1. Considering the stretch 24-44 alone, what residues qualify as being of a type outside the set (A, V, I, L, M), surrounded by 11 or more Cβ atoms within 10 Å (Cβ to Cβ) and either part of a helix (DSSP H, G or I) or touching a Gly at 6+ places or on another chain (Cβ under 7 Å) (or both)?
2. Assess whether TRP8 counts as being under 10 Å from TYR73 (Cα atoms), surrounded by 11 or more Cβ atoms within 10 Å (Cβ to Cβ) and of a type in the set (A, V, I, L, M, F, W, C).
3. Could you grab me the full set of residues in the stretch 43-56 that are touching a strand residue (DSSP E or B) at 6+ places or on another chain (Cβ under 7 Å) and of a type in the set (Gly, Ala, Ser)?
4. Would you confirm whether any residue within the stretch 15-22 is assigned to a strand (DSSP E or B) and touching a residue at least 40 places away in the same chain (Cβ under 8 Å)?
5. Being within 21 Å of ALA77 (Cα to Cα), modelled with pLDDT of 95 or more and hydrophobic (A, V, I, L, M, F, W, C) is the requirement here; does TRP54 meet it?
6. Name every residue in the stretch 45-71 that is among the acidic types (Asp, Glu), within 18 Å of ASN9 (Cα to Cα) and loosely packed, with under 14 Cβ neighbours inside 10 Å, in order of residue number.
7. Identify the single condition in (1) without any contact (Cβ under 8 Å) to a residue 24 or more places away in the chain; (2) of a type in the set (S, T, N, Q); (3) in contact with a strand residue (DSSP E or B) (Cβ under 9 Å, 6 or more places away or on another chain) that SER40 does not satisfy, given that it satisfies every other one.
8. Could you check the stretch 45-68 and list, in sequence order, the residues that are assigned to a loop (DSSP other than H, G, I, E, B) and either in contact with a Phe, Trp or Tyr (Cβ under 7 Å, 6 or more places away or on another chain) or β-branched (Val, Ile, Thr) (or both)?
Amino acid sequence: MLPGPTEWNVRVIAVVPVGEIDQWIDGLSEASDPELDWISGIPNAPTDLSRYKWYEGDRVIVGVDRESRSILYWNHAS
């Protein structure tokens, strides 16, 4: 087995097909007050986050805007 990275910080905005949205949040819980300051580091990220519903898991936060099919995704090691 090859060693993997011990630190990572993946931040993505994506527009996905409707049928794939639920795959992004599978196994995550709804988040009531997620940390969102990481979004400003994504080029062309939206500033109005009012339409996003947030989900979180261990080191993962995902925002979903079903109307625009937009996903904001953060996976980090720390």
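1. Just the residues of the stretch 24-44 that are of a type outside the set (A, V, I, L, M), to begin with: 24, 26-27, 29-30, 32-35, 37-38, 40-41, 43-44.
Going one step further and asking which of them are surrounded by 11 or more Cβ atoms within 10 Å (Cβ to Cβ), we end up with 24, 34-35, 38.
TRP24, TRP38, listed by residue number.
2. Answer is no for this residue.
3. Selection gives ALA45 alone.
4. Here is the first cut: in the stretch 15-22, the residues assigned to a strand (DSSP E or B) are 15.
Pick out the ones that are also touching a residue at least 40 places away in the same chain (Cβ under 8 Å) and you get 15.
Yes, that holds for at least one residue.
5. On the way: within 21 Å of ALA77 (Cα to Cα): yes; modelled with pLDDT of 95 or more: yes; hydrophobic (A, V, I, L, M, F, W, C): yes.
For TRP54, the condition - within 21 Å of ALA77 (Cα to Cα), modelled with pLDDT of 95 or more and hydrophobic (A, V, I, L, M, F, W, C) - is met.
6. Just the residues of the stretch 45-71 that are among the acidic types (Asp, Glu), to begin with: 48, 56, 58, 65, 67.
Then keep just the ones that are within 18 Å of ASN9 (Cα to Cα); that gives 56, 58.
ASP58 - this is the single residue of the stretch 45-71 that is among the acidic types (Asp, Glu), within 18 Å of ASN9 (Cα to Cα) and loosely packed, with under 14 Cβ neighbours inside 10 Å.
7. So SER40 meets the others, but not (3).
8. Filtering the stretch 45-68 for residues assigned to a loop (DSSP other than H, G, I, E, B) gives 45-52, 58-59, 66-68.
THR47 - this is the single residue of the stretch 45-68 that is assigned to a loop (DSSP other than H, G, I, E, B) and either in contact with a Phe, Trp or Tyr (Cβ under 7 Å, 6 or more places away or on another chain) or β-branched (Val, Ile, Thr) (or both).
The values are calculated or read from the model by the stated rules, or taken from the named source; none is laboratory data. These numbers come from a predicted model, not from an experiment. Neighbour counts run over all protein chains shown; Cβ positions are idealised from the backbone, glycine included.
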